[in-house]
Every structure is written in structure tokens, then in C-alpha cells.
1. Students sometimes get this wrong: rank Phe65, Phe168 by accessible area, probe 1.4 Å, all chains present, largest first.
2. Among the listed pairs Lys46/Lys151; Lys46/Lys157; Lys143/Lys165, give every one whose C-alpha distance is greater than 23 Å.
3. Please list, ordered by chain and number, the residues whose modelled amide H lies under 5 Å from the amide H of Ile44; skip anything fewer than 5 residues away on the same chain.
4. For Tyr161 and Gln98 in the same chain, what is the full-extension length gain: residue separation times 0.36 nm, less their Cα-Cα distance, in nm?
5. Quick one: Karplus J couplings for the stretch 62-70, per residue in order, coefficients 6.51, -1.76, 1.60, θ = phi - 60°, nearest Hz, x for Gly and Pro?
6. Given a Förster distance of 22 angstrom, what is the FRET efficiency for Lys143 paired with Asn51, based on the Cβ-Cβ distance and rounded to 0.05?
7. Net charge within 11 Å of Ser162 by Cβ-Cβ distance, Lys/Arg positive one each and Asp/Glu negative one each, not counting Ser162 itself?
8. With θ set to phi - 60°, apply the Karplus curve 6.51 cos²θ - 1.76 cosθ + 1.60 along the stretch 140-145 and write out the HN-Hα couplings as whole Hz, x wherever there is a Gly or Pro.
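The values are calculated or read from the model by the stated rules, or taken from the named source; none is laboratory data. Being a predicted model, the structure only gives us computed values, none of them experimental. FYI the Cβ positions are ideal-geometry reconstructions off the backbone, even for glycines, and counts take in every protein chain you see. Protein only, heavy atoms only, side chains kept; ligands, DNA and RNA dropped before computing areas. Shrake-Rupley method; radii C 1.70, N 1.55, O 1.52, S 1.80 Å.
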Amino acid sequence: MDQAEIDKHIASHHFAKRIPFGIGEPVEAKDISEVIENLRQSSIFKYCSENYLTEVAKNMRKVEFKANQILITQGEPQTKVYLLSSGTVVRLRFEGRQLHHIETVGSGQGRGMFGALHVLRAEPTYATALTETDGIAYTLESKVLNEMIDKNPELGKQIVYSLSKEVFHMSKLRTPLLEQDPHPANVFSTSLGACIESYYRSG
């Protein structure tokens, strides 16, 4: 994958700029409840206890962004997860020498999370994240999240449980994977694969 070519397409089609964000500012006490509420709506932290949600919120950083800024480019290590408080971010994947729209995060209520699937191991991100509007995001570093899980294994269990509930929810939805083969198949295995397919694209 040619990173320069991806940046060139992003810049030419969306007039976006890569601007360093730094580490952001610590989350203020007055914002903790808002961050916790947003975390409750995310797949990875949805069923975590109040105590762990509070701990996660306190370890996040607040960053402000402007429209047409690149947060992370496809293929780069996902070193942090992004939780939007306001604004919208479009995720674009460069494939077959074309940009493909994957999703718009933060539309509607202005909330949403991306990067959760790849952040634990800082794996290559699936799609470029480009800001569409001005907004605010709360970020959590991969290193910090791993340290929290190492210190509190119960948090890891609750994250796994949250994701298992996502699998159950996604198993009720139809995806292209469920429609590929007209012959009988193991429903759970197919549903699990469909969930992973859908969730992977959100990571």
C-alpha cells in the first residue's frame, strides 16, 4: 500500500490536511458524566460497570478538531480509540485505486466511536478518518487501555462480555456473508462470521 498515494487522493478529493493533534487535554471533572454516557453507547464498553467506565473516562484525553482534518490514515497503527462528543467524521477506505465511503461517525446525535477493534494491539486501521465538521473527541491510548486491563482483569472480562452481546445483536441482522450460500450452514458460525465482518469494518 502506497501511503503517499492514499494521502494524495484524500487531499485532492476532500481538500483535507494532516495536522498533528498532540495528546490533548485531560478530561475535566465537569465532562466525566458526558464521557461515561457516550461510553455506554459504544460496543466495547457498553456493559462495563460504572466504576470501570469512570476509570476509562478519567484516562481519556480531550481533543478539538476542525473540518477537513485527517485523524488517522488507513494502514497506520491504531494507537488510540476515538469517542466523538460532537461533530462528524467520515471513514474512507482506499481500494482498487478508489476511495470508498465506509461510514459516517457522529451523524445524528453527534456521538460515536471508532478504532476500538484495532486499538488493543495497535493493528493497522481499516480506513482513513477524515473530519467533516468542527468537533470534539475523547481519545484513549492503546498503551493506557492495555495497562488498565492488566491491572484490572475484570475490566477485560466486561469488555469481552460487551462484545459478545454485540455478536448476539449482529447475529439477528442480515449481512452479505449470510446471503453468499443458499445451502444449509451452521447458523451460529455464519452469524459470528457476519458479526466479525460488520464489526471489523467499524474498527
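1. From most exposed to least exposed: Phe168, Phe65.
2. From the list (Lys46/Lys151; Lys46/Lys157; Lys143/Lys165), the Cα-Cα distance tops 23 Å for Lys143/Lys165.
3. none
4. Result: 19.0 nm gained on full extension.
5. 9, 10, 9, 10, 10, 5, 6, 10, 8
6. Numbers: r = 21 Å, r/R0 = 0.97.
Efficiency computed from Cβ-Cβ geometry: 0.55.
7. Numbers: positive: Arg40, Lys46, Lys157, Lys165; negative: Glu166.
Surrounding charge for Ser162 is +3.
8. Going residue by residue, I get 10, 6, 4, 4, 5, 4 Hz, with x marking Gly and Pro.
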